[in-house]
Each structure stands twice: as structure tokens, then as C-alpha cells.
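Only one structure is covered here, and it is reproduced in the block below.
Values in this text are rule-based calculations from the coordinates and carry no lab data. What you are looking at is a predicted structure, and each value in this text was computed from that prediction instead of being measured. Note that we place each Cβ from the backbone using ideal geometry, even for glycine, and neighbour counts take in every protein chain shown.
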Ligand SMILES: C[S@@+](CC[C@H](N)C(=O)[O-])C[C@H]1O[C@@H](n2cnc3c(N)ncnc32)[C@H](O)[C@@H]1O
């Protein structure tokens, strides 16, 4: 299912702050290096949304779950001040070696820390204090409910949790009994009933939830 009419999607892409040369090169190199996986990368309008939100929240401490080749992490890190810290979680050395190269080129390597391990292990090892300003979840969909719980308890009041693919190509409307769409659909119900946050789902690309810690 197209969440948004493709012509409207193209229009949205053409009417946000454009990608600079570095992001364009990263997208092109990702397509060349990983043609079968390149669709995992956030679109530029979603990346720009991440930059704007990061700036609006004034985020200095952020977490990303699901790095791939680093497009979304660059968009988040660019919205942070020079002393900001973005902790990035992924399991793939192969994908993230490209990310590391582009973080360096973007002058962001001092702001980004990468942990190669299952994200749940990395998140559970974080201090329990609610000090995270912003988190972005864009990894294995079955893990979303667990990542949500680990992160929502560590968000400071007013902190923002952003989740990608919350419409799962429309499958959440009638999810199958098991699998990623079911996990995401269950989490969508959890979030809407979660008194710890106020939330809204945006029909950006494959659906983006914003959950703000009360
Ligand atoms: C959709 S991609 C992330 C796209 C990225 N946000 C971007 O804009 O390019 C999902 C990533 O999650 C990673 N991943 C999958 N399972 C994971 C896990 N259990 N823990 C951490 N990362 C995982 C994959 O290696 C992949 O790089």
C-alpha cells in the first residue's frame, strides 16, 4: 500500500530543505554498495524531519537504533550542538563502515559513538537515569516493543521518541498473526494507551510516530 500518493511523496521531497552534496553522495554510494538493502535508508524528507525535530528539542544526548550506512544519524547529529552525543546501535560492521566514513567526512565523528551489538544489549546497559533528549528507532521491527520500553523510561520529561515504519506498508491495519507488522501494530496500541507519553502518528513515508515524554 502507498501510504501517500507517490506524486504527493515526490512533491514533499521536492519541498523540504534539499540534501547537500554529502548526503546525495552517501545515498548514491549506498545504492551502489548495497543495492538490495538501499531501500532501508530514510528518505531525505524524513531525514530533514529528524534534523528539524532534533533542533526543536534542543537535543544534546540522543540514541539511534538502526544505523545502516548512516544517513539518519548524520541528519540527527547535524541538529545537535557541537558538544552533543549521539549513541548509535547496529549489528552490522559492513553497513556501518560506510557510515563511519561519512560521519568523518561530515565532521561529526566526535559527536557520534557506535556500538556494534544487538541494540537491546546496548540499551539495557545504559544508566537508568532519564537523561535522553531524543531517540530514533529504525531497526528490526520485532524488537520495537523492547526498544520502546528501554528508551521511554530513559527519556527526560519533554524528550522525544521517534519511531519509523509504524504503518508497515499499511499492514498494521489488518496485521497477520505474527511477524514484524504484528509487533509494530501491538506497539502502536501500547503507545496510544501509554500515559507516560503524548503521541501522534505522521503519514511520512512508511509512518513515523512522535512520542513526547510527559
Ligand atoms: C532500516 S535500517 C536503518 C536505516 C537507517 N536509519 C538509515 O537511515 O539509513 C535497519 C538497521 O538495523 C540494523 N539491525 C537489525 N537488527 C538489529 C539489532 N537487533 N540490533 C541493532 N541493529 C539491528 C540493521 O543492521 C540495519 O542497519
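Computed quantities for the displayed model
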| read-out | value |
| --- | --- |
| Residues located in segment 82-97, provided they are more than 9 Å from the ligand (Cβ to nearest atom) and farther than 9 Å from residue 111 by Cα | 88, 93, 97 |
| Per-region count, segment 51-67, residues within 12 Å of residue 136 (Cβ to Cβ) and assigned to a strand (DSSP E or B) | 4 |
| Condition met for residue 100 (under 29 Å from residue 14 (Cα atoms), touching a residue at least 24 places away in the same chain (Cβ under 8 Å) and away from the ligand (no atom under 12 Å from the Cβ)) | yes |
| Helices (runs of 4 or more DSSP H) wholly inside segment 68-177 that include at least 2 residues being exposed (fewer than 13 other Cβ atoms within 10 Å of the Cβ) | 93-105, 119-124 |
| Residues of segment 138-158 satisfying the condition of being near the ligand (Cβ under 9 Å from one of its atoms) and within 20 Å of residue 52 (Cβ to Cβ) | 138 |
| Complete set of residues in segment 25-38 that are part of a loop (DSSP other than H, G, I, E, B) and within 10 Å of the ligand (Cβ to nearest atom) | 34, 37 |
| Selection from segment 39-67 of residues that are surrounded by fewer than 17 Cβ atoms within 10 Å (Cβ to Cβ) and within 9 Å of the ligand (Cβ to nearest atom) | 39 |
| Hey, residue 107 away from the ligand (no atom under 13 Å from the Cβ) and at positive phi or not | yes |
